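To keep things clear, I will list the structure first and then write my remarks on it.
The values are calculated or read from the model by the stated rules, or taken from the named source; none is laboratory data. The shown structure was predicted, so the numbers you read here are calculated from the model rather than taken from an experiment. Virtual Cβ from ideal backbone geometry, glycine too; neighbours counted across all protein chains shown. Heads up: the accessible areas ignore ligands, DNA and RNA and are worked out on the full protein's heavy atoms, side chains in. Shrake-Rupley method; radii C 1.70, N 1.55, O 1.52, S 1.80 Å.
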Amino acid sequence: LDGEALVHPDDLNAARTTVARGEAPAEPTSLRFRRKDGQYRWMAATSRPVTDPDGNLTSRIDSLRDIHEEVLAREALAASEGLLRAVLDSSGDTAIRVGLDGRIEFVNQRAVEISGIPAEEWIGSTFEEMGYPAELAQSWDVQRRHVFSTGQRVTFEFEIDNAEGHRWYET
């Protein structure tokens, strides 16, 4: 591999794999390369083989695109989301995020505990698909649509049976 000394030691195997592929990869490989000042930066690396008419490798076309800020932003977002999840999971209140399409995108540990339903089963489902009474699921859907269409918060109460018995909730 040309320029191997510039690749971060932890990324050498990925760099070698990128170059060794017999065909152009669908997605670039994220690697850290050392700059002149000794600092490493994240780059999107691709290596496309060039062959002669008989299919023999004659050369490669390598390219690098600086994605350092993108990688750092993704890492910061992941850390922030991890912290938010830890806070929400330690809450005594349920927290459920529902998308524009009415499908559940997140539930905290408290929602899992009182429903008895694993988090994986919530994600991607609607409340009706989760087995909640149709009237209640429809009421939640009306509230969700109102919030998304107006940007205004709504507060409403409902009653339901769960693992803790018959309960009233304010949402």
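With the whole protein complex present, H68 retains an accessible surface near 30 Å², based on a 1.4 Å probe.
Of D101, D66, the residue with the largest accessible area leads and the full order is D101, D66 (1.4 Å probe). If a/c stays under 1.5 just call it rounded; otherwise compare a/b with b/c (prolate if a/b is bigger, oblate if not). Do that for the range 70-152, with a ≥ b ≥ c from the square roots of the Cα gyration tensor eigenvalues. Because a/c hits 1.5 or more and a/b fails to exceed b/c, the range 70-152 counts as oblate.
Each of P118, Y169, A79 was placed along the dipole of the chain (beta-carbon charges, centred on the mean Cα), and the one lying farthest toward the positive end is A79. Ordered from largest to smallest accessible area (heavy atoms of protein chains, 1.4 Å probe), the residues H166, H146 come out as H166, H146.
In the P(r) worked out for the range 27-100, what percent of Cα pairs fall beyond 14 Å? It would help to have the intermediate numbers written out before the result.
Details: 2025 of 2701 pairs.
Tail of the P(r) past 14 Å holds 75 percent of the pairs.
For the chain, the share of accessible area belonging to carbon and sulfur comes to 51 percent (1.4 Å probe, ligands and nucleic acids excluded). Computed from backbone phi with θ = phi - 60° and the Karplus coefficients 6.51, -1.76 and 1.60, the 3J(HN,Hα) list for the range 47-54 is 9, 10, x, 10, 10, 7, x, 8 Hz; x is used for glycine and proline.
With viscosity set to 0.692 mPa s at 37 °C, what whole-number translational diffusion coefficient in µm²/s follows for the range 106-171 from Stokes-Einstein and a Kirkwood radius over Cα pairs?
Numbers: Rh = 13.0 Å.
Rounded to a whole number, D works out at 253 µm²/s.
Size descriptors for the range 29-68 (Cα atoms only): Rg and Dmax, in that order, 13.8, 43 Å.
What accessible area per residue comes out for the chain, rounded to a whole number of Å², with a 1.4 Å probe? Numbers along the way, then the final one.
Details: 11540 Å² over 171 residues.
With all protein chains present, the chain gives 67 Å² per residue.
Surface calculation, 1.4 Å probe, protein heavy atoms: E81 sits at approximately 110 Å² accessible. Taking each residue as 0.36 nm, the span from D54 to S30 lengthens on full extension beyond its C-alpha to C-alpha distance by 5.5 nm.
Percent of alpha carbon pairs in the chain separated by more than 19 Å? Don't skip to the end; give the middle numbers.
Values: 10183 of 14535 pairs.
Roughly 70 percent, rounded to a whole number.
Across the chain, the longest run free of exposed loop sites, meaning trypsin sites (Lys or Arg not before Pro) lying outside DSSP classes H, G, I, E and B with no more than 16 other Cβ atoms within 10 Å, spans 37-102.
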